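**Q** Take this structure, written in structure tokens, and hold onto it; I'll ask about it next.
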Amino acid sequence: LRDNRIELVRASWHELSISVSDVSLSDEGQYTCSLFTMPVKTSKAFLTVLGVPEKPQITGFISPVMEGERMQLTCKTSGSKPAADIRWFKNDKEVKDVKYLKEEDANRKTFTVSSTLDFLADRSDDGAVVSCRVDHESLNSTPQIAMQVLEIHYTPLVKIISSNSWPEEGQSIILTCESKGKPVPEPVLWTKDGGELPDPERMVVNGRVLSISFLNKTDNGTYRCEAKNPIGRNSTEYVLIVHDVFNTLLPTTVIPSLTTATVTTTVALTASTTTSATATSIRDPNALAGQTGPDHALIGGIVAVVVFVTLCSIILLGRYLARHKGTYLTNEAKGAEDAPDADTAIINAEGSQVNAEEKKEYFI
């Protein structure tokens, strides 16, 4: 071996060592060590030289890319022996659906490999980092990486956010139009029912914010927010319904009073003793906490007692009148059955003026 890159490291009767610097592919082959004895003794070894792949390059990216366009990115590296392996990543997540191509170099010893990533540009890819990683055994577990940051242009995405989910008359509301696009959208346009805002004094636009003060029923309608950029335009709508104030008070004022009256009447007809307990335990679920009113149980008990006393008085009076009338008719009939005429019957009857001193009647 006669080469300046080859040096003798150790020489003795028992060992002969050499070193090769700046190894190239031409150094690959079979090496023989000979011991000149009688007969000559030899030992052989085959040296394999690995081809280190060049740093990869990504081609095919033209900035910016419009949303919906097809992108083809190609990663390529040369000089690998054996052929290197190429893998694609998007934001550190590996992409599997790629094309792989391997070609032999002119020296017929190394290879040029390439891989193509094909996909449709989406707004979610804007700002994403696409990387091409080359793995090879000569790199000692330190892969070579090429990166490309994607720039995707897309039409605005519009959304309206309301500050009041239940607007009422007299209140105010703030509608915020959120628009996101690339390039950044121009100032948004607010309209109502397809036309301009009808009351600029109450309807104030400040950038992307629409403020409406002192709401009334004339403010009902469809409000549209439109945003545009050089790529296109987009819009969204918000339907505003202004509610009456008394509609929210009706369930808490009218319904509880009707419910309380019905419960009190039913309990009063049952018994005065259970009225208080029942009225205390049964409460209107729609009544407001801490709300007080008249003692309906006490009033119902008094009414029941008055009705009961009145009925008893009527019954006793009726029985007394019935008994008195029967006695009078009986006394009047005595001694008058055999009288020839009415005058005689009156004279003979018990209880007439003739016998007034002998018989008396007492009214109890």
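**Q** Give the stretch 48-81 a look and list any residue that's open to solvent by 60 Å² or more (accessible area, probe 1.4 Å), touching a strand residue (DSSP E or B) at 6+ places or on another chain (Cβ under 7 Å) and within 16 Å of Asp27 (Cα to Cα), or say none.
**A** Leu50, Val52
**Q** Filter the stretch 177-226 for residues that are within 15 Å of Val239 (Cα to Cα), of a type outside the set (Val, Ile, Thr) and more than 26 Å from the chain's Cα centre (by Cα) and give the result.
**A** Those that are within 15 Å of Val239 (Cα to Cα), of a type outside the set (Val, Ile, Thr) and more than 26 Å from the chain's Cα centre (by Cα): Trp190, Lys192, Asp193, Gly194, Gly195, Leu197, Leu215, Asn216, Lys217, Asp219.
**Q** Out of Leu101, Leu117, report the one residue that is in the same structural domain as His136 (by the TED database), open to solvent by less than 70 Å² (accessible area, probe 1.4 Å) and among the aliphatic types (A, V, I, L, M).
**A** Leu117
**Q** Shifting gears a bit: Kindly establish whether Glu137 is farther than 30 Å from His243 by Cβ, in contact with a Gly (Cβ under 8 Å, 6 or more places away or on another chain) and in contact (Cβ under 8 Å) with a residue 40 or more places away in the chain.
**A** Taking the combined requirement at face value, the residue does not satisfy it.
**Q** Another question, if that's okay. Return the total of residues in the stretch 15-33 being hydroxyl-bearing (Ser, Thr, Tyr) and either closer than 30 Å to Asp126 by Cα or surrounded by 13 or more Cβ atoms within 10 Å (Cβ to Cβ) (or both).
**A** 1
**Q** Hey, can you tell me all the residues within the stretch 209-264 that are of a type in the set (S, T, N, Q), closer than 24 Å to Ser163 by Cα, outside any loop (DSSP other than H, G, I, E, B) and at pLDDT 50 or above?
**A** Once the filter is applied, which keeps residues that are of a type in the set (S, T, N, Q), closer than 24 Å to Ser163 by Cα, outside any loop (DSSP other than H, G, I, E, B) and at pLDDT 50 or above, the stretch 209-264 yields Ser211, Thr218, Thr222, Asn234, Ser235, Thr236, Asn247.
**Q** Still on this structure, please answer the following. Kindly list the number of the only condition in (1) over 30 Å from Gly29 (Cβ atoms); (2) without any contact (Cβ under 8 Å) to a residue 12 or more places away in the chain; (3) part of a strand (DSSP E or B) that fails for Ser124.
**A** (3)
**Q** A follow-up question, please. I need the full set of residues from the stretch 34-47 which are surrounded by 10 or more Cβ atoms within 10 Å (Cβ to Cβ) and closer than 28 Å to Pro82 by Cα, in order please.
**A** Leu47
**Q** Which members of the stretch 162-206 meet the condition of being free of Cβ contacts under 8 Å to residues at least 24 places away in the same chain, open to solvent by 90 Å² or more (accessible area, probe 1.4 Å) and not in a strand (DSSP E or B)?
**A** Ser165, Pro187, Glu196, Pro200, Glu201
**Q** Can you pull out every residue in the stretch 1-43 that is basic (Lys, Arg) and part of a loop (DSSP other than H, G, I, E, B)?
**A** Of everything in the stretch 1-43, those that are basic (Lys, Arg) and part of a loop (DSSP other than H, G, I, E, B) turn out to be Arg2, Arg5.
**Q** Here is a further query. Give me the residue from the stretch 147-161 that is of a type in the set (Val, Ile, Thr) and over 26 Å from the mean Cα position of the chain (by Cα) and, out of that set, surrounded by the most Cβ atoms within 10 Å (Cβ to Cβ).
**A** Across the stretch 147-161, the extreme among qualifying residues is Ile152.
The values are calculated or read from the model by the stated rules, or taken from the named source; none is laboratory data. Remember, predicted model here, so these are calculated numbers, not experimental data. Neighbour counts run over all protein chains shown; Cβ positions are idealised from the backbone, glycine included. Heavy atoms of the whole protein, side chains included, go into the accessibility calculation; ligands, DNA and RNA do not. Shrake-Rupley method; radii C 1.70, N 1.55, O 1.52, S 1.80 Å.
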